[in-house]
Structures are given as structure tokens and as C-alpha cells.
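The values are calculated or read from the model by the stated rules, or taken from the named source; none is laboratory data. Values in this document were obtained by computation on a predicted structure and should not be read as measured data. Note that each Cβ is placed from the backbone with ideal geometry, even for glycine, and that neighbours are counted across all protein chains shown.
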């Protein structure tokens, strides 16, 4: 069911062009010579690769890690209920003898967006072997055989957008006692020494819903490479023009990385303590098995070499990626490619 | 490096009666055959009673005077010419003919005094001096020798006012100069820093530096017998810089101990040696921008953003002066904010609360 689709989309124009030339050439009554082996070197440009990125729920930070600081266990094990392993980001976090720390989720939680970023470049090397000929007419044979190829495709999809919404933010307070709090930003270390902060939470934190804006930058990049095997058929349209069709099984491996950076700003936040920039990155590898079909029109430069232009269609499984709270589905099910290159016969 | 020949009054001990044991020590170079000197003291503070020469020591390393000669024989004459005059003891020590001392630190004699008041006040007012030193080798040639009266470690008080501010164990140490003359400065070597309960070493956080500790002797009075014991052997020990001290003056400095578990109480021991102050640090870099200089609770807080570099803090009471003092040790930045606290010696010469104003600047090395 996919092969005719390929013909319609990728090779239809070439087929018509070739048929016209074939008719003209056939009238010349020339003898067609076809070599048994052919090697193709081609460049590929893929279209119709899309991705859908879904934002899962963002778990807000919880003590001792906060959006704007930390109150962690130090080398002493927080002896005496105090630690020197703490830090804070903004001067406004010091309020009424307490250091306030905050934790919020993301306004993008539960949303998703789809995007495409065509074309994607690659290459392919193939070898074909003629196995037989069928006479279509007195002067025109149909040459058939089997070909195998190695192909590689660079995937590169980038997406940036901004989403308004709201976040739920909790405030935690720690009393500073009698210390002179270092100016912000301050980062204490595990081994210290430094000012000691109580590890006992002060007055219970409050929770607010605040308007927020999320800026997201997503990058999906990697390689899809592998082998294709299947039959092919060629019809010489003239001494110089040949039309070729093929199809078969494709076994491709993906090595793709999903990474993102999300920045949340709180326009109405009075103490300017937004959640930290959240980012994650993860690579995935997966073998995919599917089908392909192609069509091309070759123009002979010499008796043993020609240039060709054509199209290719892939049908593969979608590729699922996950990094941090984001998941992505890369649509490889209906990829169209434009191919072009050199063909050598011998 | 071989220490220079020096004759000095060492750490004064107090016996069970409250009497003072004043040791006179020699850093011998190994060729001394005869030694003489006068020990002066203030008769209003001290009353001389007796002297002892170490005789009971059985440790071959800490050899005492009577076994220190190359012949291992007794000293031919250990002569105290009584009190040549009020407040002066003249000693003459002679080894057998052809003998000389081995190189090293040894206590020559320990003079015993009854304090006129309490021991601490008597030490401060002792007015000790070593005069007319005369050292010769086996050929009778005079040998050069330096003399000094070592400032005395008097007491320590645990401080709690900054415990939460810096997470350190703080001790305020008091020293006195029992000498009749000023000393240019001293190093207070801090010994017996053990590990904490987590096995991490306790360190002197505000050490002015480290120095090679060659040999230390402790004079003890046990059951009426003076004995000597080794406190430490060769190795690097941290020290605090004590500034110049006038005769009969006292001085304080703060020792800050880093203890990773914050619960093992340090039990340091202190030993003082006379040492001129370090040369001032001169920098041609532009000063680092200071984010805050805050005076509260009698101390100054100086804050600045650091990189992983070395910073020197300088201070003065007169910003128009070109003679800024440098606080030692330097600060090693950590890439974050540094909160440096001036609570007086040894970081600065005097407590900031004793000044009408104080100015700071910070240089990156």
C-alpha cells in the first residue's frame, strides 16, 4: 500500500517524464545495453519529520533544595541542628529575621507542542545486482534485480516558544538567629566553615498561585542510519535515460538526543525569586524496522556513469525520547526524501 | 636549616607550691664548651630560692647538660655565683676539657622563684633578661649567641560570640612578655591538634603559616622532681603571629579551630618562640571591590566576591597613609562570597573596637 503512494508523491513526475522520453527513443529502434552491477552514491534531504514534545508534571523542589537556595546537611551531620552548607540567591529572601526559600512548578506542566524543522540531510551508498530481464517490447527490456544500501540521516529539530500560565509556589522560612547573613548571592560548602543556619523550619510556609511565563528551548539531534534491502526494476527509456523503481525492508538505528532548557519568570513576583532554569538532556538508541520505496530517473554521462534524481519514502516506527520532565515523539512514519547523486555501472 | 645559636628564657612553669620555674635554654650548634650568662629579674616580683640542673632525664635524645658532652661525662663545674647583686644570678657552666655540647635544644638550668603576688602577675612583672652571655668552644674562642626572653602563654578563654557566625571553635589567648625589654614579635606554635570524631584533622583555621617544629621540650614538676618530656618531633605545625610586645606587656590573639564535626573540643598546646614579624605584602594590583564593610558587636565584617585566588586584606587607621598593615594569613577564595571577620589579633594588630576608625582594602594576589 505504500509503494503506490511513493509513486504518486515522489516519482510521478519523473515517471511521466521518462515515459515520454521512452516513447520517443523507442521509436528510434536503438539497442539498449545495460550492465549487471550498479553502485549509487547519493545525497538525501528528508522532509516531513516532525516532533511532539509533552511536558510532564514538574515536581517542585522540596527542602533542603529550593528554587533559590539550599539548606543541606553539612560535614558535621548538622550537629546542633545547624548547618554551614546553605546558600541563597537574592537579597530579598531575608525577611524579618528569616531566610525565605521558594519552590514552584512549571506553567507548562501537562501541555504539548508539535513542530517540524525540515529538511534533514544525509547520504546513501547502494549496490544493485541485475538478476534478469523481461522484454517489454522489441527494443525495451525491464531489468530487475536486488539492491542493498547503507544510509545515514542527520536529524536536527529545534524549537523555542513561550507559554503564559501560572505556577504554585511554596515559601519555606528558616530563622537566621544572631548571625550576620552574608550578602547575596552566598553559597556555603559541605565542609565549611561558615555562618551556621538553623535547619529547623520556621513559621510554616505559605502556598501561592502566581502568574508565570515559561520559555522553552528544545533540541532534538542525532543520527538515523542503517541498511535497506529490496528488489529494484529499471526501464531504459533511451540510450541515456533510465527510470528505476525499488522498495523493500529498512532496518535503521536511531541515536538521538533530546535536550531542553526551560526558564520560568514570575512577572508579579515581588521578591524576584523565580524557579531556577530547568534543563535536562538524554540520548536514546533504538533499532527500527520498516519499509521504503524509491523512484529515480538517471541520465547517462558515459557508458558506465550517470547522474540521477529521485525520491524516497520511509515508513518507520515513531521514535520516543524522554529527558527530565519532557517526552518527545519523533514522527518517522511518513518521511519523504529527495535524493540525487552518481551511478556507476559495470 | 640549622637554627642559630640562641640563649633564651623558655616557657615558665609553676610548681605545686605556686613557685615559678624559669628555664634557661640553649640552641646549641655542637661546639660549645663553656657557657656563662647572667639572669636578671625584678626583685619586686620574684624572690630567688634555688636552681636545678636537669639530672634525672633518661631520654638520650633530650640529653641534659650533664650528659650532653661528647665524653658523656659530668659537667666539671656548674657554678652559681649566688646573686652577684640583687636581682641577678650569674651562671658559669664548663664541660670537661676537650668536651663540647651536642647540637640541639637543651635546657641549661632552671631557676626557681617565689612570686611576690600571684604567679600570673609575677610573670608579667618579672623583668627577666639574659645579660653578658659568654660562650667559647674547646679552643677558647668566643662564639656569637643571640639572647631572648620568650613571651609566655598565660591563659585561654573559649569564645562563643562568633561561634554561629563562622562555625569555628574560638579561643582568646593571652600572652605576656616577662622580659625587661620589648620583643619584636613571636610565633605561637599550636600543637596537639588531634582528629575529630569523624577522623578528620582539627586545623588551626586562622594560622599565620606553618613552620618546621624541630624539637619541643616540656618542663614539668612531678613529685618534686623536674623532668623533661618530648611534646612533638620534627614536622610542620601551624603558628599564629604575635605582634611586638613591650616589656611587661600583655597581648591577646584569637585562635580559630576548624572541627568538621563541630563537637570535638580542641585541646591544643602552645609554644612561643621569638620571631620578628613577617615582611609586609606589597601588591600592585587594583584593590578588589568590597560589597560590604559592616561593624557590629565589636567586630568588622568585610565581604567581597571571590574567585579561586589568594586575597590579602590590608587595613589602616589612616587611609591617607601609605603604610597599610597586611592581615595574615591571606584568604583563599572559593568562587563565592567571602565573609572575613576582623576581631583583632592575630588577624589585625588590635581589636577594631579599640580604634576610632579602621579602613580596609583587599588585593588579589
*Only one of (1) in a strand (DSSP E or B); (2) within 15 Å of residue A:96 (Cβ to Cβ) is not met by residue A:163, so which one is it?*
(2)
*Assess whether residue B:204 counts as being within 30 Å of residue A:74 (Cα to Cα), at pLDDT 90 or above and over 13 Å from the mean Cα position of the chain (by Cα).*
yes
*Only one residue in B:295, B:304 is touching a residue at least 24 places away in the same chain (Cβ under 8 Å), under 15 Å from residue B:351 (Cα atoms) and within 14 Å of chain A (Cβ to nearest Cβ), so which one is that?*
B:295
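Condition check ((1) within 14 Å of another protein chain (Cβ to nearest Cβ); (2) closer than 30 Å to residue A:232 by Cα; (3) not in a loop (DSSP other than H, G, I, E, B)) across all residues:
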position	(1), (2), (3)
A:51	no, no, yes
A:60	no, no, no
A:80	yes, no, yes
A:126	no, yes, yes
*Residues in segment B:231-275 that are assigned to a loop (DSSP other than H, G, I, E, B), buried (at least 16 other Cβ atoms within 10 Å of the Cβ) and within 14 Å of another protein chain (Cβ to nearest Cβ): how many?*
6
*Filter pass, residue B:325 being on the phi < 0 side of the Ramachandran plot, surrounded by 14 or more Cβ atoms within 10 Å (Cβ to Cβ) and at pLDDT below 85*: no
*Could you tell me which residue of segment A:175-192 is nearest to the other protein chains (Cβ to nearest Cβ), considering only residues that are part of a strand (DSSP E or B) and surrounded by fewer than 19 Cβ atoms within 10 Å (Cβ to Cβ)?*
A:187
_Count - residues of segment A:74-88 that are out of contact with any strand residue (DSSP E or B) (no Cβ under 8 Å at 6 or more places or on another chain) and within 14 Å of residue A:177 (Cα to Cα)_ = 1
*Do the conditions hold for residue A:213, that is, is it more than 14 Å from every other protein chain (Cβ to nearest Cβ) and more than 30 Å from residue A:96 (Cα to Cα)?*
no
*Could you grab me the full set of residues in segment B:90-101 that are more than 7 Å from residue B:28 (Cβ to Cβ) and under 28 Å from the mean Cα position of the chain (by Cα)?*
B:90, B:91, B:92, B:93
*asked:* Of everything in segment A:219-238, what is surrounded by 22 or more Cβ atoms within 10 Å (Cβ to Cβ) and closer than 30 Å to residue A:114 by Cβ? Give them in sequence order.
replied: A:220, A:224, A:228
*asked:* Looking at A:92, A:74, A:109, can you tell me which residue is more than 14 Å from chain B (Cβ to nearest Cβ), assigned to a loop (DSSP other than H, G, I, E, B) and either out of contact with any helix residue (DSSP H, G or I) (no Cβ under 9 Å at 6 or more places or on another chain) or farther than 22 Å from residue B:337 by Cα (or both)?
replied: A:109
*Within segment B:327-351, track down each residue that is away from chain A (no Cβ under 14 Å) and more than 17 Å from residue B:289 (Cα to Cα).*
B:327, B:328, B:329, B:344, B:345, B:346, B:347, B:348, B:349, B:350, B:351
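Report whether or not residue A:195 is within 14 Å of another protein chain (Cβ to nearest Cβ), in contact with a helix residue (DSSP H, G or I) (Cβ under 9 Å, 6 or more places away or on another chain) and buried (at least 16 other Cβ atoms within 10 Å of the Cβ).
Criteria met by residue A:195.
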_Residue match in segment A:137-144 (condition: within 21 Å of residue A:219 (Cβ to Cβ), away from chain B (no Cβ under 13 Å) and buried (at least 16 other Cβ atoms within 10 Å of the Cβ))_ = no
*residue B:263 versus (1) on the phi < 0 side of the Ramachandran plot; (2) touching a helix residue (DSSP H, G or I) at 6+ places or on another chain (Cβ under 8 Å); (3) not assigned by TED's automatic domain parsing to the domain that holds residue B:158: which is the lone unmet condition?*
(3)
